[in-house]
């Protein structure tokens, strides 16, 4: 695989949108940008994207004063223009913002912070994304694609998040590509609750697929659309509104309340986030483990038998 990074259409869109913002033309809608991507690190960093938008040519003159833009090429079609851009070779493609350098270097991780290295770690954290959401509002962006927030412990090129070295930090029971848990358990809600307790008290970051809290089902063999059904209440013509308690069934409210209780308990438990896990060999289909730290311990017992077991 080529190690060169790609300047994606999303980044091109942001650059070009800024060109319009700087000239007071944010209302102009760009319907399409070609090419779809561009190599970062190319010797020649001049790029000529084609823009398509309704009557976009009338804005060509007002775009001429910008450091990124060299000149504009018009066409006979009023809806198309070419922008000749000069993309800086040192443009960062990974990190977003880093006003808090306290966690730039992790003692037991291989690669350290180095802003002088274009392909190195430049810092940044989740809070920075939250603090700059106003920027996404300005650009009319309604979805963020964040690089995987998992451990990347390699000597070089670890900044992008796609060199995951510890998959055990993320724990999930199902997701958009797997049969839903409740379906796997034959509709047994008690088994689903057991799975959620394990998911929320074991090591790692729990990943809960939406709709688990309202007992949504779906079999992978029936097609992905069946596993990814719309959440009821999110569309005007839905007959049920599962976003509110009065719109959910008794069973759905029971599961929602169970999940809420577990998640709120977990949120402030240091022993879950920083404590140890000690477990024992299962016997007679009974599994026992402890989550503990120096101040507190929690014992979890999972009984996979049909009958009570003491």
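Below, the figures for the structure above:
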{"item": "Stretchable slack from residue 290 to residue 77, in nm (0.36 nm times residue separation minus alpha-carbon distance)", "result": "69.8 nm"}
{"item": "Cβ-Cβ FRET estimate between residue 237 and residue 54, R0 fixed at 25 Å, reported to 0.05", "result": "0.20"}
{"item": "Cα→Cβ-extended label distance, 7 Å offset, between residue 260 and residue 300, nm", "result": "2.3 nm"}
{"item": "Model label zone, residue 171; criterion: amide N under 14 Å from point 7 Å along Cα-to-beta-carbon; scope the range 183-209", "result": "194-208"}
{"item": "Relative exposure of 273, 122, 221, judged by other C-beta atoms within 10 Å (fewest first)", "result": "221, 273, 122"}
{"item": "For the range 243-307: span of alpha carbons on each principal axis (Å, largest first)", "result": "42, 33, 12"}
{"item": "Ranked 299, 255, criterion: other C-beta atoms within 10 Å, fewest first", "result": "299, 255"}
{"item": "Fewest-first ranking of 158, 249, using other Cβ atoms within 10 Å as the exposure measure", "result": "249, 158"}
{"item": "Label-point separation in nm, residue 70 to residue 210, each point 7 Å along Cα→Cβ", "result": "4.4 nm"}
{"item": "Translational diffusion coefficient (Stokes-Einstein; Kirkwood radius from C-alpha pairs) of the range 179-310 at 37 °C, 0.692 mPa s, in µm²/s", "result": "197 µm²/s"}
{"item": "Using a Förster distance of 41 Å, the FRET efficiency for residue 191-residue 104 (Cβ separation, nearest 0.05)", "result": "0.40"}
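Taken together, the values in this text are just the output of simple stated rules run on the coordinates, not laboratory data. Just so you know, these numbers come straight off a predicted model, no measurement behind them. So basically every Cβ, Gly included, is an ideal-geometry build from the backbone, and we count neighbours across all protein chains shown.
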